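The values are calculated or read from the model by the stated rules, or taken from the named source; none is laboratory data. Here the structure is a predicted model, which means the values were calculated and not measured. For neighbour counting, all protein chains shown are included, and Cβ atoms are generated from backbone atoms with ideal geometry for every residue, glycine included. Areas reflect the complete protein model, heavy atoms only, side chains present, ligands, DNA and RNA absent. Shrake-Rupley method; radii C 1.70, N 1.55, O 1.52, S 1.80 Å.
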Amino acid sequence: MENHFDSTAARKAALRAQARAFLRQAGPERTAAWGRAMAGYLAESELWKKAGTVFCFVSTAREPSTRPLLELALAQGKTLCVPRTGPEGFMEAVPLTSLEQLAPARFGLLEPAPGLPALAPERLELVVAPCLMAAPDGLRLGQGGGYYDRFLPRCHCPVVLLCPSALVQNDLPAEAHDRRADLVLTEQGFGFEG
């Protein structure tokens, strides 16, 4: 008989495959358009306006583009932090003064150079996090590496997930370590508050 963990893991794997297939076929024009729309909504929010120190992921070609948000944070003089990953699911927040400080790293990500100092997650005032899928209540289905599951509990600030509206699902499987975000932002705006 299948136990709860096995069935949850199997459901997560199936949903990840479904989300990845959708994002693969979306294409760069669509992911760029999602990113512009999401940046527009977030930039008008009080969360963004009040946050002096912002953590935002650096998107891949198969995610809503975060380049507009990264550029906006720098243009507005915010302290912009981006993720740098390490071994065993470890991730830290590294302040940037320019997007030129990003370089190719593992998993096809752009990350800050190893020599740049990190900022304590407790000092962040807003986190913009990726997901493959999200539930309306802020539950996040990530890539499965556990980086954000380990990082987010150390942050004492609002967490916003960027998720295409087609990938917002009402019933996502959850485990004890899964942390909910405060808000889900799609290309149609802030749909849900946690």
Discussion item. Condition first: surrounded by fewer than 22 Cβ atoms within 10 Å (Cβ to Cβ) and farther than 22 Å from ARG67 by Cα. Now tell me which residues in the stretch 125-138 satisfy that.
Written reply: PRO136, ASP137, GLY138
Worksheet item: When you go through THR60, THR8, THR53 one by one, which is the residue that is under 23 Å from ARG154 (Cβ atoms) and in contact (Cβ under 8 Å) with a residue 40 or more places away in the chain?
Response: THR53
Response to the item:
Residue set GLU100, GLU92, GLU122; condition without any contact (Cβ under 8 Å) to a residue 24 or more places away in the chain, open to solvent by 40 Å² or more (accessible area, probe 1.4 Å) and either farther than 25 Å from PRO173 by Cα or not in a loop (DSSP other than H, G, I, E, B) (or both); output residue GLU100
Worksheet, complete the sentence: Exactly one of ARG16, ARG24, ARG20 is touching a residue at least 40 places away in the same chain (Cβ under 8 Å) and exposed (fewer than 15 other Cβ atoms within 10 Å of the Cβ), and that residue is ARG20
Worksheet item: Looking only at the stretch 54-86, which residues are polar (S, T, N, Q) and either surrounded by fewer than 18 Cβ atoms within 10 Å (Cβ to Cβ) or modelled with pLDDT under 95 (or both)?
Response: THR60, GLN76, THR85
Fill in: Selection within the stretch 146-163 - within 13 Å of the chain's Cα centre (by Cα) and charged (D, E, K, R)
ASP149
Worksheet item: When you scan the stretch 146-156, how many residues do you find that are open to solvent by 10 Å² or more (accessible area, probe 1.4 Å) and part of a loop (DSSP other than H, G, I, E, B)?
Response: 2
Item to complete: Keeping to the stretch 27-53, report how many residues are surrounded by fewer than 15 Cβ atoms within 10 Å (Cβ to Cβ) and under 23 Å from TYR148 (Cβ atoms).
Response: 3
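This table checks each residue for (1) without any contact (Cβ under 8 Å) to a residue 60 or more places away in the chain; (2) more than 17 Å from MET91 (Cα to Cα); (3) assigned to a loop (DSSP other than H, G, I, E, B).
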| site | (1), (2), (3) |
| --- | --- |
| GLU111 | yes, no, no |
| VAL128 | no, no, no |
| GLY138 | yes, yes, yes |
| GLY144 | no, no, yes |
| VAL160 | no, yes, no |
| ALA174 | no, yes, yes |
